[in-house]
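A short worksheet on the structure shown next.
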Amino acid sequence: MTRSTLVIAAIAALVLPTTAGAQDLEHGKEIFRLCTQCHGEDGAGNPLSLAPSIAGQPQWYVKAQLTNFRKGLRGVHPNDLGGLRMYPMSLSLKTDQDVDDVAAYVAGMPAPKLPATVEGNAEAGKTTFATCAACHGPEGAGNEAVHAPRLAGTSDWYLVESLKKFKAGIRGGNPANQNSVLMRGMSMSLANDEAIHNVVAYIHTLGK
């Protein structure tokens, strides 16, 4: 190899983007077609399919949850109907690259404006949310450093169902999923369904 060839190769390595580890959004979009059956074309979700809004969720969180489903750390409890639907769907993602690509595509979708479907006392829920804010942030924007997802703009019915599942041990019972175990412990501070509805009603006001 001549000196000039080496120089050209070095320049190309600096200038041209590498594809290793990069996300292929077109491939992600293609994969997402399967997801639209439940989550909808715009990723806004469908409560009848037990599918929450996912559009605009952080890429790290979408990837983490898909990975949990694929590994059987989520979606295998017999009382988790939504999870039981999602678990086999996650297995259609054959490689980690598939997960990266669809997670990147979902994260790039515009987050929809969702209507309130849960009745609760948002003012009472604001007081309760002070505990949640330690991880999820005062505006419910989430915090990757502590593995806390964005709550603002999330389907309110899904938040209610998730908190109930955590309290019942349907989620958070697998010690291999430490973040979920932690959330189960936090959910126990919610005394009853009224407290759950109140804090979710407050979360729905965030990010407006």
> Ordering 119, 161 from largest to smallest accessible area (1.4 angstrom probe), what's the sequence?
Replying inline: 119, 161
>> Order 182-195, 47-60 from most to least packed using the mean count of other Cβ atoms within 10 Å.
In response: 47-60, 182-195
>> Give the lysines whose C-alpha is closer than 19 Å to that of residue 164, dropping any in the same chain fewer than 8 places away, or say none.
In response: 126
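Using the scaling law 2.2 N^0.38 Å as the reference, what is the normalised Cα Rg of the chain?
Working: Rg = 19.8 Å, N = 208, 2.2 N^0.38 = 16.7 Å.
Expressed relative to 2.2 N^0.38 Å, the Cα Rg reads 1.18.
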> What are the lysines whose alpha-carbon lies under 18 Å from the alpha-carbon of residue 29, with same-chain residues fewer than 8 places away excluded?
Replying inline: 63, 94
>> With every protein chain kept in place and ligands, DNA and RNA left out, what is the accessible area per residue of the chain? Probe 1.4 Å, answer in Å².
In response: 57 Å²
> In degrees from 0 to 90, rounded to the nearest 10, what is the angle of the helix 193-203 Cα long axis to the longest principal axis of the chain?
Replying inline: 50 degrees
> For the chain, what is the mean residue ellipticity at 222 nm derived from helices alone (per DSSP H run of n ≥ 4: -39500 (n - 2.57); sum divided by total residues; nearest 500 deg cm²/dmol)?
Replying inline: -17000 deg cm²/dmol
>> Going by Cα centres, segment 159-208 and segment 21-49 are how many Å apart?
In response: 25 Å
>> Computing the accessible area with a 1.4 Å probe over protein heavy atoms, can you report the carbon and sulfur percentage for the chain?
In response: 59 percent
> With point charges of +1 on the Cβ of Lys and Arg and -1 on the Cβ of Asp and Glu, referenced to the Cα centre of the chain, which listed residue (121, 206, 182) lies farthest in the positive direction of the dipole?
Replying inline: 182
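The values are calculated or read from the model by the stated rules, or taken from the named source; none is laboratory data. Predicted model, so just to flag it, every value in this text is computed and none were measured. Methodologically, a virtual Cβ is constructed for each residue, glycine included, from the backbone with ideal geometry; neighbour enumeration extends over all protein chains shown. The accessibility values were calculated without ligands, DNA or RNA, using every heavy atom of the protein model including side chains. Shrake-Rupley method; radii C 1.70, N 1.55, O 1.52, S 1.80 Å.
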